[in-house]
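No lab work stands behind these numbers, since they all come straight from the coordinates. Given the structure is predicted, the values throughout are model-derived calculations rather than measurements. Ideal geometry is used to build each Cβ from the backbone, glycine not excepted, and the neighbour counts take in all protein chains shown.
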Amino acid sequence: MNVNLDENPATDMTALLQPPTRNEEVSEGDQLYCPTEVQILVVDDEEPVCSLIQRALVRPNFHVDTISQPDKIEAQLQARKYHLIILDYNIPGLKAETLFDWFQDHQRDASVIVVTGYPSIDSVVTCLRARTFDYLTKPFDMPQLEAVVRRCLEAKGLLRLSEEALRETLGNVIRERRKALGFTLAEMASRTNVSLGYLSQIELGKNSASIETLYRICLGLGLKMADLFQTIKT
């Protein structure tokens with residue numbers, strides 16, 4: 001959890017959220033795709049905050065609902081199943097424990113990311129007990145939230161590397177390993193009994209390698225196949 005306990009709690013929640021920007025980390029996320037529609041709910045009593053987060057999370061196959069009326073939250077939780085809930089910890093008139101009880105009753109499979117402008121040890125402990133995915137303190141910028149959302153959805157298997165990105169990533173790993181060992185492409189082709197042209201295409205990410213071919217390449221590089229795939233950042 002990313003926790004910053006500040007003695008001066010936030011008063012203007014909207015002002016504490018930086019406008020959406022793009023950085024290198026988010027660009028990496030563009031290589032990911034959703035095999036199914038992702039259902040996300042943003043719960044915050046301030047509508048501008050809900051709208052800001054909703055706009056920041058716009059992606060193909062992302063369905064983002066928002067709810068800002070405390071008296072309608074439970075009904076919304078009953079209306080649709082969500083994969084992820086982004087929750088403002090301090091909802092007027094509702095205790096966090098009540099919200100977590102509702103999540104347990106109606107959204108048992110949803111992951112929860114908590115954001116708060118009033119961080120405290122008690123709230124951290126409550127979130128840990130509720131097994132929330134992460135705890136963000138305001139102020140934070142949108143790329144930070146997007147990165148946490150991405151990690152959460154990857155952990156749930158809802159975001160994956162695209163086939164093209166996977167080929168490119170594998171190719172880069174194989175090429176860098178080969179160069180580190182001092183092998184030329186021709187030498188690598190000889191060691192693996194894989195044609196020079198095919199091996200070149202694999203390293204460039206332009207051709208998919210079969211399991212047998214990857215096994216040969218791993219033997220030639222002195223790698224286990226599990227080690228090869230563990231080097232891939234998804």
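Remark: the stretch 156-168, residue by residue, has Karplus-estimated 3J(HN,Hα) of 8, x, 9, 10, 9, 5, 5, 4, 5, 5, 5, 4, 5 Hz, where x stands for each Gly or Pro and the curve is 6.51 cos²θ - 1.76 cosθ + 1.60 at θ = phi - 60°.
Relative contact order for the chain: 22 percent, from Cα pairs under 8 Å spaced at least 6 residues apart, divided by residue count. For residue 136, the residues whose modelled amide H falls within less than 5 Å of its own, excluding neighbours fewer than 5 places apart on the same chain, are 114, 115, 116.
Principal-axis analysis of the Cα atoms of the chain puts helix 47-56 at an angle of about 10° to the longest axis.
At q = 0.18, 0.19, 0.24, 0.28 Å⁻¹, what is the log10 ratio I(q)/I(0) for the stretch 52-113, with the Debye formula run over Cα points and no solvent? Debye intensities relative to I(0), on a log10 scale: -0.66, -0.74, -1.16, -1.47.
Axis of helix 96-106 versus longest Cα principal axis of the chain: the two differ by about 60°, to the nearest ten degrees. For the stretch 163-230, the Cα gyration tensor yields ellipsoid semi-axes of 16, 13, 11 Å (square root of five times each eigenvalue, largest first, whole Å).
If packing is taken as the average count of other Cβ atoms within 10 Å, what order do 158-164, 173-179, 113-119 fall into, highest mean first?
113-119, 173-179, 158-164
Once you divide the Cα radius of gyration of the chain by 2.2 N^0.38 Å, the number left is 1.29. Placing unit charges on each Cβ (+1 for Lys and Arg, -1 for Asp and Glu) gives the stretch 54-192 a dipole about its Cα centre, and among 152, 137, 91 the Cα reaching farthest toward its positive end belongs to 152. Principal-axis analysis of the Cα atoms of the chain puts helix 211-221 at an angle of about 70° to the longest axis.
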